[in-house]
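Enquirer: Sharing a structure with you now.
What follows is calculated from the coordinates using simple rules that are stated; it is not laboratory data. Note that the structure is predicted; figures quoted are calculated from it, not measured. Using ideal geometry, Cβ is built from the backbone for each residue, glycine included, and neighbour counts are taken over all protein chains shown.
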């Protein structure tokens with residue numbers, strides 16, 4: 001391990017960056033150095049500009065280029081303590097894509113396409129709570145006839161999302177007995 005790499009890794013650890021972020025940042029700096037066949041501490045703003053153009057010519061996504069830019073900024077500003085202006089390493093602009101919103105008819109068709117009551121309940125739970133599919137195994141199943149519940153466990157960040165089923169979903173959920181029979185902390189969707 002080179003002295004520069006070790007120093008950058010220490011700075012990443014000192015600031016409590018995740019291991020995956022540290023691995024990506026180190027890879028980006030290594031790629032940057034290989035591109036110019038020189039040590040990255042000998043390169044400056046002009047080479048960074050050329051490298052960003054190179055990334056655009058490779059047709060990488062704006063998100064990937066932002067990741068490379070963040071790694072370069074960290075390396076030059078936090079590790080090497082260079083004092084050139086941040087505008088020399090701009091973040092590329094990228095459009096935030098809006099999610100596809102289903103019409104009520106499409107939602108009804110999706111729910112009705114379930115092969116059994118359990119799958120129907122899963123689809124309705126996912127849709128009514130705006131939960132991601134990966135969060136479903138950790139969800140606890142509340143009684144559908146209880147008062148509205150707001151749970152931050154389903155949300156990303158500090159968002160609170162209502163978890164009570166809509167008035168159209170309650171009649172379909174009433175036959176599901178496992179809502180009332182499971183004890184707290186043992187959701188019916190937990191992986192075995």
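Enquirer: Based on the mean of other beta carbon atoms within 10 Å per residue, what is the order of 119-131, 77-89, most packed first?
Expert: 119-131, 77-89
Enquirer: Report the rotationally averaged projected area of the range 1-130 based on its alpha-carbon convex hull, in square nanometres.
Expert: 12.2
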